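Novice: Input: one structure, supplied below.
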Amino acid sequence: MTAEATTPSGTAPTGRGHRRVRLRQLGRAAVFGSDRHRLPDAIEHLAKTHRRHHPRADLDALRRAYLLAEAAHRGQTRKSGEPYITHPLAVTLILAELGAETTTLTASLLHDTVEDTEVTLEQVRADFGAEVAHLVDGVTKLEKVEYGAAAEPETFRKMLVATGSDVRVMSIKLADRVHNMRTLGVMRPEKQARIARVTRDVLIPLAERLGVHTVKTELEDLVFAVLHPAEHQAAQELVLAHRGRPDPLAEAAAGVRAVLREAGIAAEVQIRPRHLFSVHRARLKRGELGAMDYGRLLILVAENADCYAVLGELHTCFTPVVADFKDFVAAPKFNLYQSLHTAFATPGGAVAEVLVRTHAMHRVAETGVVALGDPHRSPEGEAGAEETERADPTRPGWLSRLLKWQEQATDPDTFWTELRDELARDREITVFAGDAADGPLQLPVGATCVDAAYARHGQAAHSCVGARVNGRLAALRTVLRDGDTVQLLLAGDAGSRPSPEWLEHATTPAARVAIRSRLENGPEPAEYEAGEETRRPAAEPEPAATARATAGEAAATVPGAPEAAIRLARCCTPVPPDAARGFLVRGGAVTVHREECPTAREMAAGGRAPLVVNWRSHSMGCRVTLQAEALGRPELLADLTEALAQHGAAVLNAEVEPPREQRVRHTYTLRLPDASGLPRLMRAMRRVPGVYDVSRAVRLQP
């Protein structure tokens, strides 16, 4: 986990074969030794701390893990000169104070052994089990010798993947970073700054998303001291000056206690000071800080109903600041946080901020996923990622989404950049897309329909052709709001390519990475078949353009080329019973065009012999392009698409030309379940008010 481990001479240990044997002996001695029930003095405090949270915990695994770690790290020191074993001990104590269970603590004691000593992962697995080995492996760095500059981003990728199956991996990493930041002063200034920046950009946002508030706030203060020493000093001086004066929050707390006591509500009222970085942020936001701006009142109660009872008393007996009220009890944050936020004004005009929560909520608010213990109590795969964001918070939905897009970000620099951008965003809105069983989507403020499409459908979103937001047709660039319902319209064409403009509308890495990957790496043919609306290689079969009859046979036959593959041209989208003819193209395939198609006429004029085409059946699915000429009016687009939907037509593409003299042209590429229904559909479109003509579209390809 850290490059600080050295031998007394500063060189790597020698005699590795002998040392491995010795470590195996020590491992067996730790298990079978005669003194197996006695805890080493070095972990007595750790054991007591652990027992406060887990009174019945079996400490034998901790004893054995410490003995192996101490033997493995013996002779190694940190940059400070302290024995290296002090680091895993300190990391494990941090986790014990947070309430982590025994397996996490065991892995924490061993977390650097595989990376920095002769202990192997196989030995950890044999002596302590698969769970501990998985956690240790998850936090083990990749070798810089092998990965070079990509070692750090790829290590984080490896760690996130491991976290996806067991969130305790990230708990250990966060505690490890806390202790390393506490002892960062022995490093060179430039290395301090580099580590602090990574902590700020990656570890602090991860701590927040996992709800580990205690770790987040300490890391914020430690990073603040390294990257902004002058501002840190100024915040310290403000806090020291405040502590030298009477705290008006104490008087406010006494008043609240009296009110709740009179109302018969059992509650604990505390003053919760702001940490240094929070003081700095408050000063930037508010200017000069008042005497009550250095902390908040925290009210702890037994039950959820008591939270609202407290709120009622506060708003009745004091002057509430309504704009500051937020209910995170009924609507928890994505990181499990629950609390009521409110504020009230004192007779002197000062404002006291208040947090109201149960003791259980407080524990989760402080320690997040660490408080939830073993993530394996819920079998993986029982619910979707978004559903488990509430049902099984140890596998949060945002992490599942992150793991999906990182698979496509194969380049380490792209992954590293997108990860930082992703973590810099606050997930503040919830939208509903797809069936109710799919669950809601959590997206960042500013997310668009493009983001929702890729969050819900992954790479299938390449074929997205439109969206309805709250029942109305909307552009894919539409910015979504909290609570919106989104219906995403997909063509279902596996060969679809996103528009390059989508990159301008995508705000999430899941969307940006998928779009960029498809645009850069997708098939880009050198030659194209004449008459195709969407460019594709002449020799590549066009699955979307080849209509099939219900027996899976080609929709049409060409007696003059019985062995040739048959495709229906997209420029004129022929369907039964159109008069059609075929033309041989590169690759030996036959493209079928309507007789009046300008492209077909050009091909015939150029000397290509037309071939007879016979339709196998008039009752078959088909693809067709229609043009609607209309007088421009509000909601015309919505009414036309409603008519299409009522006749079972799936919209694959829609274009609206700019109005000219109050006239507009709408062009739709559709997929119909039955070609025989095309005349009825065209009549229905003509009945839409304002539409004066509907015709089959033909396009001349350059």
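Novice: Would you tally the residues in the stretch 592-605 being surrounded by fewer than 18 Cβ atoms within 10 Å (Cβ to Cβ) and not in a helix (DSSP H, G or I)?
Specialist: Final tally of qualifying residues: 2.
Novice: Could you go through the stretch 113-123 and let me know if any residue there is under 18 Å from residue 173 (Cα atoms) and touching a His at 6+ places or on another chain (Cβ under 6 Å).
Specialist: No, the stretch 113-123 contains no residue that is under 18 Å from residue 173 (Cα atoms) and touching a His at 6+ places or on another chain (Cβ under 6 Å).
Novice: Only one of these is among the charged types (D, E, K, R), in contact (Cβ under 8 Å) with a residue 24 or more places away in the chain, assigned to a helix (DSSP H, G or I) and out of contact with any helix residue (DSSP H, G or I) (no Cβ under 6 Å at 6 or more places or on another chain): 680, 671. Name it.
Specialist: 680
Novice: Might you let me know whether the stretch 177-193 holds any residue that is under 11 Å from residue 219 (Cα atoms), surrounded by 15 or more Cβ atoms within 10 Å (Cβ to Cβ), of a type in the set (D, E, K, R) and in the same structural domain as residue 138 (by TED's automatic domain parsing)?
Specialist: Yes, there is a match, as at least one residue in the stretch 177-193 is under 11 Å from residue 219 (Cα atoms), surrounded by 15 or more Cβ atoms within 10 Å (Cβ to Cβ), of a type in the set (D, E, K, R) and in the same structural domain as residue 138 (by TED's automatic domain parsing).
Novice: Step by step: first the residues of the stretch 98-108, then only those that are in contact (Cβ under 8 Å) with a residue 60 or more places away in the chain and at negative phi, then the one that is surrounded by the fewest Cβ atoms within 10 Å (Cβ to Cβ). Which residue is that?
Specialist: Across the stretch 98-108, the extreme among qualifying residues is 101.
Novice: Ok, one more. For a quick check of your reading of the model, give me the residue pairs whose first member lies in the stretch 358-387 and is on the phi > 0 side of the Ramachandran plot, whose second is charged (D, E, K, R) and modelled with pLDDT of 60 or more, with beta-carbon atoms closer than 8 Å and at least 6 apart or on different chains.
Specialist: 373/101
Novice: Moving on to the next point. Looking at the stretch 576-597 only, could you name the residues that are over 17 Å from residue 624 (Cβ atoms) and not β-branched (Val, Ile, Thr)?
Specialist: 581, 582, 583, 584, 586, 587, 588, 589 - these are the residues of the stretch 576-597 that are over 17 Å from residue 624 (Cβ atoms) and not β-branched (Val, Ile, Thr).
Novice: Now, a different point. So which residues in the stretch 310-327 are in a helix (DSSP H, G or I) and over 36 Å from the mean Cα position of the chain (by Cα)?
Specialist: Of everything in the stretch 310-327, those that are in a helix (DSSP H, G or I) and over 36 Å from the mean Cα position of the chain (by Cα) turn out to be 312, 313, 314, 315, 316, 317.
Novice: Going by the structure shown, is residue 261 part of a helix (DSSP H, G or I), at pLDDT 90 or above and either of a type in the set (Phe, Trp, Tyr) or within 27 Å of residue 359 (Cα to Cα) (or both)?
Specialist: It is true that residue 261 is part of a helix (DSSP H, G or I), at pLDDT 90 or above and either of a type in the set (Phe, Trp, Tyr) or within 27 Å of residue 359 (Cα to Cα) (or both).
Novice: Another question, if that's okay. So which pairs qualify, if the first residue must be in the stretch 268-296 and in the same structural domain as residue 256 (by TED's automatic domain parsing) and under 13 Å from residue 235 (Cα atoms), the second must be polar (S, T, N, Q) and surrounded by fewer than 20 Cβ atoms within 10 Å (Cβ to Cβ), the Cβ gap must be under 6 Å, and the two must be at least 6 apart or on different chains?
Specialist: Partner pairs satisfying both residue conditions: 275/217.
Novice: Select the helices (runs of 4 or more DSSP H) contained entirely in the stretch 109-166, then report the ones holding at least 3 residues which are closer than 21 Å to residue 94 by Cβ and in contact (Cβ under 8 Å) with a residue 12 or more places away in the chain.
Specialist: Qualifying helices (runs of 4 or more DSSP H): 113-116, 130-138, 151-165.
Novice: Restricting to the stretch 606-624, name every residue that is modelled with pLDDT of 85 or more and not in a loop (DSSP other than H, G, I, E, B).
Specialist: Across the stretch 606-624, the qualifying residues are 611, 612, 614, 615, 624.
The values are calculated or read from the model by the stated rules, or taken from the named source; none is laboratory data. What you see is a predicted model, and the numbers here were worked out from it, not measured in a lab. FYI the Cβ positions are ideal-geometry reconstructions off the backbone, even for glycines, and counts take in every protein chain you see.
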